[in-house]
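Okay, structure first, notes after.
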Amino acid sequence: MSTRAASQPPAGVTSSALAHDLLHVTMQMMRSIAKEMRRSPHAMAPAQVASLMRLKQAPAAMSELARHLGVSVPTVSKSIDVLADRGWVERWVDPSNRRQTIARLTPEGRRVTAAMKRQSEKHVAALLAALTPRQRAQVMATLDVLKDVLPPLA
């Protein structure tokens, strides 16, 4: 649990209104990051980025990646084809289940994934640089509250 106390929202602020604004801000942030990623030397579709981030945790079967991304296995397979063509992902067949194809990051894929993460963090830091110290503290306190109620990424 967070060590920072959550303050009560102003009277009349509903969970629905908070959800609306949070989704709006999240979309703004994701669009800004996606735009930045398209300008990078490693430009790729958001689903490919999501695949790389998932594979950074551990190798995964195509069906597992499809469930994680909320898409079909053929869609994931096409995305993995692009990443494999770039040398960032490799496929292999699970010896214990020859029907299952596993994807995993290559060393180059780990390097590119780390670079993308650094680039995104630098981009977001630049966006937030305009905040005052007090505003930064407010945002951090809010993020602490959200971390306590949102499910983990894994």
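Every number here is computed from the coordinates shown, using simple stated rules; none is lab data. Please read all numbers here as calculations on a predicted model, not as lab measurements. When we count neighbours, we look across all protein chains shown, and the Cβ atoms used for this are built from the backbone with ideal geometry, even at glycine.
Here are the numbers:
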{"read-out": "Reach of K78 by Cα under 20 Å, taken over lysines that are not fewer than 8 positions away in the same chain", "value": "K56"}
{"read-out": "Those aspartates and glutamates that a straight Cα-Cα span of less than 14 Å connects to K122, excepting residues fewer than 8 apart in one chain", "value": "E36"}
{"read-out": "Read-out Kirkwood radius over Cα pairs in Å, derived from the coordinates shown; its label in (i) 16.9; (ii) 18.0; (iii) 15.3", "value": "(ii)"}
{"read-out": "The stretch 15-57: trypsin sites (Lys or Arg not before Pro) in DSSP loop, at most 14 other beta carbons within 10 Å", "value": "R39"}
{"read-out": "Gaussian network model of the chain, Cα within-10 Å springs - most flexible of A47, A129, A84", "value": "A129"}
{"read-out": "Full-stretch length increase - R98, R134 - with 0.36 nm per residue and alpha-carbon distance subtracted", "value": "7.3 nm"}
{"read-out": "Fully extended contour minus Cα-Cα distance, from V124 to T14, at 0.36 nm per residue", "value": "36.8 nm"}
{"read-out": "C-alpha long axis of helix 15-38 to longest principal axis of the chain, angle in °", "value": "50 degrees"}
